[in-house]
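What follows is a short report on a single structure.
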Amino acid sequence: MWTLCILAIAGAAGTLARYTLGGWAHQWLGSQFPYGTLVVNLAGCLTIGFLGTLSDERSLFSSEVRIALFIGFLGALTTYSSVAYETWAMLKDGEVLVALLNVFGGFAACFAGLFLGVLLARLT
């Protein structure tokens, strides 16, 4: 039960951070490009790269803190950071083809899912 509370609190913080950071980027950089999403994804990837490395290589965080940071906060901030970090882990393990499939196949599959969702909504 405690883990769920940690996730809920960290997830709420990540959601608020996404909204705030994305809104700031939109105001600061304009709306000609999805800068808010780009800034949020870059911030999430930088954060998970930094904290994930500290956690993996220095055992810096307890499992509760890892759950709060990586699943709760960063999961709510951006799932793109998780994809990037998992792809990095695949590359570190020498799984280059799997990493490429994760990036390109995952994007293609998600875009296809979005397209299918649009089609289904329009048929309803």
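Laboratory data are not the source of any read-out in this text; all were calculated from the coordinates shown. What you see is a predicted model; the values in this text were computed from it and never measured. Because the Cβ atoms are built from the backbone with ideal geometry, glycine has one as well, and the counts that use them run over all protein chains shown.
Coupling constants for the range 46-60 follow from the phi torsions by the Karplus curve (6.51 cos²θ - 1.76 cosθ + 1.60, θ = phi - 60°), and in residue order they are 4, 5, 5, x, 5, 6, x, 5, 4, 5, 6, 8, 10, 6, 6 Hz; glycine and proline get x. Each part reduced to its alpha carbon centroid, the range 103-124 and the range 1-48 end up 23 Å apart. Of the options [x] 0.92; [y] 1.03; [z] 1.11, only one is Rg/Rh (Cα atoms, Kirkwood Rh) as computed from these coordinates, and that is [y]. The relative contact order of the range 2-79 comes to 56 percent, based on Cα pairs under 8 Å that sit 6 or more residues apart. Couplings 3J(HN,Hα) for the range 106-122, derived from phi with the Karplus relation 6.51 cos²θ - 1.76 cosθ + 1.60 (θ = phi - 60°), are x, 5, 4, 5, 5, 5, 4, x, 4, 4, 4, x, 4, 4, 5, 5, 6 Hz, where x marks Gly and Pro. When the Cα positions of Leu119, Ile6, Leu100 are compared along the charge dipole of the chain, Leu119 comes out farthest toward the positive end, with charges on each C-beta of Lys, Arg, Asp and Glu. The label point for Leu101 and the one for Ala89, both projected 7 Å from the Cα toward the Cβ, are 1.7 nm apart.
List Ser31, Ser55, Ser81 from most exposed to least, where exposure is judged by having the fewest other Cβ atoms within 10 Å. Could you put the intermediate results ahead of the total?
Values: Ser31 9, Ser55 18, Ser81 23.
Fewest-to-most ranking of Ser31, Ser55, Ser81: Ser31, Ser55, Ser81.
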